[in-house]
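Peer 1: Take this structure first; my questions come after.
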Amino acid sequence: MEQVNLYEILGVSQDADINVIREAYGKLVANPDIQKDAERFKAIGQAFEVLSHPEKRLAYDAAIQYERQETNTNNFTNMTTNVVNTPSSDVKNYVFIAYVTYAVGLLILFTPVVGVIMAYVKRDEAQGSIYASHIDYLIKTFWVSLVGTVLGTFTTLILIGWLILLVTAIWFIYRVVIGLIKLNEDKPVSTQGWF
């Protein structure tokens, strides 16, 4: 049974930003006709609750994607999943390789450059899948780590640089490990916040 689409309830597209969602919600709840319809008013409130919270929205989007994949799988039951090579599995492989290049970057400094280039190349192809969050996560990890490394390197003479380099390295390792774990579990990562 297909669930009601929360984006349709608010009348926004799936790529709408938080400001568009807030505006749509405000217009709907201000409508006197909707205020009289308790069931619809409640549904609008629930849709806004999920779509306005970044982690809940990410989980909802992943659930929609999973439901679509399950529907497609059920429509093609005579094909085995071992033989079918879907575009999303190709993207997953690229994302995995990008994470590996980041991990190798702890030993060979320039390999994360290869990973971030792969992330940028596959960014459009990953849109609408759980792997889009991984790609944004990889890109953010690269640029923040690069800034931290450059800043730490230039400030090593005043000793604070060693601390900056240590914190940057720990943060980088943490993000790569968390990303790989979530990728292995076919779960999105949160691109909001620093961790």
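The values are calculated or read from the model by the stated rules, or taken from the named source; none is laboratory data. Since this is a predicted model, take the numbers as computed values, not measurements. Positions of Cβ are backbone-derived with ideal geometry, glycine not excepted, and every protein chain shown enters the neighbour counts. In case anyone asks, the SASA skips ligands and DNA or RNA and just uses the protein heavy atoms, side chains included. Shrake-Rupley method; radii C 1.70, N 1.55, O 1.52, S 1.80 Å.
Peer 1: Taking θ as phi - 60°, what are the ³J(HN,Hα) couplings along region 42-57 by the Karplus curve (6.51, -1.76, 1.60), each to the nearest whole Hz, with x for Gly and Pro?
Peer 2: 5, 5, 5, x, 5, 4, 5, 4, 6, 6, 8, 9, x, 6, 5, 5
Peer 1: Taking the Cα centre of the chain as origin and charging only Cβ (+1 Lys, Arg; -1 Asp, Glu), how large is the dipole, in debye to the nearest 20?
Peer 2: 540
Peer 1: For region 100-153, run through the chymotrypsin sites (Phe, Trp or Tyr not before Pro) and keep only the ones in DSSP coil with at most 10 other Cβ atoms within 10 Å of their Cβ.
Peer 2: Counting only loop positions with at most 10 other Cβ atoms within 10 Å, the chymotrypsin sites (Phe, Trp or Tyr not before Pro) in region 100-153 are 110.
Peer 1: Please compute, for the alpha-carbon atoms of the chain, the extent along each of the three principal axes and give them in descending order in Å.
Peer 2: 68, 49, 22
Peer 1: Could you check the spin-label model distance between residue 151 and residue 62? Points 7 Å from the Cα along Cα→Cβ, value in nm.
Peer 2: 2.9
Peer 1: Give, in nm to one decimal, the length gained when the segment between residue 14 and residue 110 is fully stretched (0.36 nm per residue of separation minus the Cα-Cα distance).
Peer 2: Full-extension gain reported as 31.0 nm.
Peer 1: Can you put 139, 160 in order of accessible area, largest first, using a 1.4 Å probe?
Peer 2: 160, 139
Peer 1: Starting from region 1-64, pick out the GluC sites (Glu not before Pro) whose DSSP state is loop and whose Cβ has at most 14 other Cβ atoms within 10 Å.
Peer 2: Hits after loop and neighbour filter: 2.
Peer 1: What whole-number value in Å² describes the accessible area per residue of the chain for a 1.4 Å probe?
Peer 2: With the other protein chains kept in place, the chain gives 65 Å² per residue.
Peer 1: So what J values fall out for region 172-181 if you push phi through Karplus, 6.51 cos²θ - 1.76 cosθ + 1.60 with θ = phi - 60°, rounded to Hz, Gly and Pro as x?
Peer 2: 4, 4, 4, 5, 5, 5, 4, x, 5, 4
Peer 1: Additional query: Considering only protein heavy atoms and a 1.4 Å probe, what is the carbon-and-sulfur percentage of the accessible area of the chain?
Peer 2: In the chain, the share of accessible area belonging to carbon and sulfur is 63 percent.
Peer 1: Just need the relative contact order of the chain here, percent rounded to a whole number, with Cα pairs under 8 Å and 6+ apart. Don't skip to the end; give the middle numbers.
Peer 2: On the way: 171 pairs, mean separation 33.4, N = 195.
Rounded, it is 17 percent for the chain.
Peer 1: Mind checking the dipole of region 85-195: about its Cα centre, +1 per Lys or Arg Cβ, -1 per Asp or Glu Cβ, Debye to the nearest 20? Mind showing how you got there, number by number?
Peer 2: Working: 7 positive and 6 negative charges, 32 e Å.
Around 160 debye, computed over region 85-195.
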